Amino acid sequence: MLSLALFLVVSAIATLFLWDYLTRKRRNDMLHYMPGPPALPLLGNVLMYRGLKAEQLMDFIQKNRDLYGTMYRVWVLKQLAVFSTDPRDIEIILSSPQHITKNNLYELLHCWLGTGLLMSTGKKWHTRRKIITPAFHFKILEQFVEIFDQQSSILVEQLRKHADGETPINVFPFICLEALDIIAETSMGTRINAQMNPNLPYVQAVTDVTNIMITRFINAWQRIEWLYRLVKPSMAKKQDLAIQTLHKFTDDIIQKRRQALINGPETKTQETNADDVGQKQRMALLDVLLQATVNGQPLSNEDIREEVDTFMFEGHDTTTSAISFCLYEISRDARVQKLLLEEIQDKLSPGKPTTQRDLGELKYLECVIKESLRMHPPVPMIGRWFHEDVEIRGKRIPAGTNFTVGIYFLMRDPLYFDSPNEFRPERFLNDQTTNPYAYIPFSAGPRNCIGQKFAVLEMKSTISKLLQHYELLPLGPDPLPLMNIVLRSVNGVHLGLRPRKIAM
Ligand code: HEM
């Protein structure tokens, strides 16, 4: 009896190993040439992530890159990931209209964003990209500059009570609320006043979902939905409730704006401005979607919701990260700050609303922003899923691979950027980048960031406004970068603020 049980157990284990070997065989055979850490049966390389703290992840990936080169493979259980940081390889994938399916990096966001532009693929992505592109036309962006300006002024006031010239401030949460106010008003045409009321249910729900996603991203096992729900039921419930709040909020606004559109401009003004005395009527990103048709049919409320939710996520977390790290760099470099101030004094008129054209004149600020995005890219990694075998400059990669582009590491490669760990905005003065695919904070090719111009204008507006009112001081600890869906810092992003004697 005992020997039969033993036989069955041994057979089951042997079958499992055999199944594991056979299901990986083709991919393993094809990648025989590619370096990577030795992988165990069944587990692959998961054990190498054991005990790794969030703040150690950057160094860990850099070490692997130093050890295995600019293209190496890792097995996470049965999933194969190929990690690439060579711009010549990356160009082939990102510029191709074929490789547009995302890998599983953002899967966690699916419950909030559905298959909006960030996550969709194939025909759906093509159709939506075509519809959404006009929403970022410069004429629409022009009206948004006024919103950037108003919200940056509120930010200046929100920071005033902390601006004593000696206390380090973690600016990240302040910027986050400003960015939320901006994206809500531009994408939904609705003021949520997050800076004034950070505890509003919608604002709280965005914060909750974002924080939950960050934790789940770092702890790989929490990405397995059923396991997460089993082991962390209270967190799963909190997530579900927050997502319900987010969806309901967006649904209500879509319904109101659709009705207003049907009723005509007069009702629209009354409806949408009920809570916002003095809020101007502007074309919000949502309005472009409401007026769009596919094969003569308008988009459904659900179709629109996933796009608006995508803007809400992709358009606030990224810019928060970008602005915060850029302010940090400016606070640490007195020479750069002086040059910026001179430019701002020269190009912006005090007391006059800033226009898109004014912001376009801030050329040195643009270099500072580019350099900050190089050193602290808000989206540190992106990925594609290979449906079929792919050949990249003679290297064959099997179907079923998660191809990951290490944007963060690529943009700190000394081969493409001299002294890559030094903050030198001048390197962008007469754009000396040797390979355009070595500098891709907004990705590149057909699936690049649709909000790129929006983001740079928002950054310019906020940073110039803060510099007009405050001197940024090198106070507080340096940030500890945290590899996540969006780049953050484990210990916040600190600097000091001293009010300028004469506000410009
Ligand atoms: C500094 C700020 C930003 C950075 C660094 C950034 C970066 C990126 C990157 C790297 C991608 C490609 C993602 C991938 O391939 O997986 C992307 C896509 C996207 N971004 Fe941004 N982004 C920023 C701001 C924004 C803003 C403000 C919006 C909207 C208002 C936005 C909307 C989107 C959307 C919708 C996509 C998906 C585009 C597609 O797949 O067709 N982003 N962004």
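Could you look through region 438-462, keep only residues that are among the aliphatic types (A, V, I, L, M) and assigned to a helix (DSSP H, G or I), and pick out the one that is farthest from the ligand (Cβ to nearest atom)? I'd like the intermediate steps shown before the answer.
Within region 438-462, the subset among the aliphatic types (A, V, I, L, M) is 438, 440, 444, 450, 455-457, 459.
When the remaining residues are screened for being assigned to a helix (DSSP H, G or I), the result is 438, 455-457, 459.
Numbers: Ala438: 14, Ala455: 4, Val456: 7, Leu457: 9, Met459: 7 Å.
So, considering only residues that are among the aliphatic types (A, V, I, L, M) and assigned to a helix (DSSP H, G or I), the one farthest from the ligand (Cβ to nearest atom) is Ala438.
Here Glu166 fits the description: touching a Lys or Arg at 6+ places or on another chain (Cβ under 9 Å) and open to solvent by 60 Å² or more (accessible area, probe 1.4 Å).
In region 102-113, the residues that are touching a residue at least 60 places away in the same chain (Cβ under 8 Å) form Cβ pairs under 8 Å with partners that are of a type in the set (Asp, Glu) and buried (at least 18 other Cβ atoms within 10 Å of the Cβ), at six or more places apart or across chains, as follows: Trp112/Asp309; Leu113/Glu306; Leu113/Asp309.
Restricted to region 448-470, and to residues that are under 23 Å from Leu108 (Cβ atoms) and of a type outside the set (Val, Ile, Thr), which residue is surrounded by the most Cβ atoms within 10 Å (Cβ to Cβ)? Spell out the reasoning first.
Pass one, region 448-470, residues under 23 Å from Leu108 (Cβ atoms): 448-451, 455.
Those left that are additionally of a type outside the set (Val, Ile, Thr): 448-449, 451, 455.
On the way: Asn448: 13, Cys449: 21, Gly451: 25, Ala455: 22.
Within region 448-470, the match that is surrounded by the most Cβ atoms within 10 Å (Cβ to Cβ) is Gly451.
In region 345-376, the qualifying residues are those that are open to solvent by 10 Å² or more (accessible area, probe 1.4 Å) and among the hydroxyl-bearing types (Ser, Thr, Tyr), and the one that is farthest from the ligand (Cβ to nearest atom) is Ser349. Any residue that is small (Gly, Ala, Ser), crowded, with 24+ Cβ neighbours inside 10 Å and within 22 Å of His376 (Cα to Cα) - is there at least one of those in region 175-191? Yes, there is a match, as at least one residue in region 175-191 is small (Gly, Ala, Ser), crowded, with 24+ Cβ neighbours inside 10 Å and within 22 Å of His376 (Cα to Cα).
Pairing residues of region 350-373 that are at positive phi with residues that are away from the ligand (no atom under 15 Å from the Cβ) and open to solvent by 30 Å² or more (accessible area, probe 1.4 Å), at Cβ distances under 9 Å and at least 6 apart in sequence or on separate chains, gives Gly351/Met504.
Scanning region 76-114 for residues that are open to solvent by 30 Å² or more (accessible area, probe 1.4 Å) and at positive phi yields a count of 1. Cβ-Cβ contacts under 6 Å between residues 6 or more apart (or on different chains), taken from a first residue in region 304-332 that is within 20 Å of Tyr470 (Cβ to Cβ) and in contact (Cβ under 8 Å) with a residue 12 or more places away in the chain to a second residue that is near the ligand (Cβ under 10 Å from one of its atoms) and of a type in the set (Ser, Thr, Tyr), are listed as Phe325/Ser372; Cys326/Ser372; Glu329/Ser372.
Among residues that are touching a Gly at 6+ places or on another chain (Cβ under 8 Å) and either under 30 Å from Arg27 (Cα atoms) or surrounded by fewer than 24 Cβ atoms within 10 Å (Cβ to Cβ) (or both), Met381 is included.
Looking only at region 85-113, which residues are in a loop (DSSP other than H, G, I, E, B) and either away from the ligand (no atom under 13 Å from the Cβ) or not hydrophobic (A, V, I, L, M, F, W, C) (or both)? Scanning region 85-113 gives Thr85, Asp86, Ser95, Ser96, Pro97, Gln98, His99, Thr101, Asn103.
Residues considered: Leu473, Leu480. Of these, the only one that is more than 19 Å from Ile183 (Cα to Cα), buried (at least 20 other Cβ atoms within 10 Å of the Cβ) and away from the ligand (no atom under 16 Å from the Cβ) is Leu473. Those helices (runs of 4 or more DSSP H) of region 234-337 in which 2 or more residues are open to solvent by 10 Å² or more (accessible area, probe 1.4 Å) and modelled with pLDDT of 90 or more occupy 285-291, 301-314, 317-331. If the condition is being assigned to a helix (DSSP H, G or I), at pLDDT 90 or above and of a type in the set (A, V, I, L, M), then region 48-84 contributes Ile61, Leu67. Name every residue in region 125-152 that is open to solvent by 30 Å² or more (accessible area, probe 1.4 Å) and away from the ligand (no atom under 11 Å from the Cβ), in order of residue number. Correct list: Thr127, Pro134, His137, Phe138, Lys139, Glu142, Gln143, Glu146, Gln150.
Thr404 meets each of the listed conditions (1) within 12 Å of the ligand (Cβ to nearest atom); (2) outside any strand (DSSP E or B) apart from (2).
The values are calculated or read from the model by the stated rules, or taken from the named source; none is laboratory data. None of these values were measured; they are calculated from a predicted model. So basically every Cβ, Gly included, is an ideal-geometry build from the backbone, and we count neighbours across all protein chains shown. Surface accessibility is based on the protein's heavy atoms, side chains included, excluding ligands, DNA and RNA. Shrake-Rupley method; radii C 1.70, N 1.55, O 1.52, S 1.80 Å.
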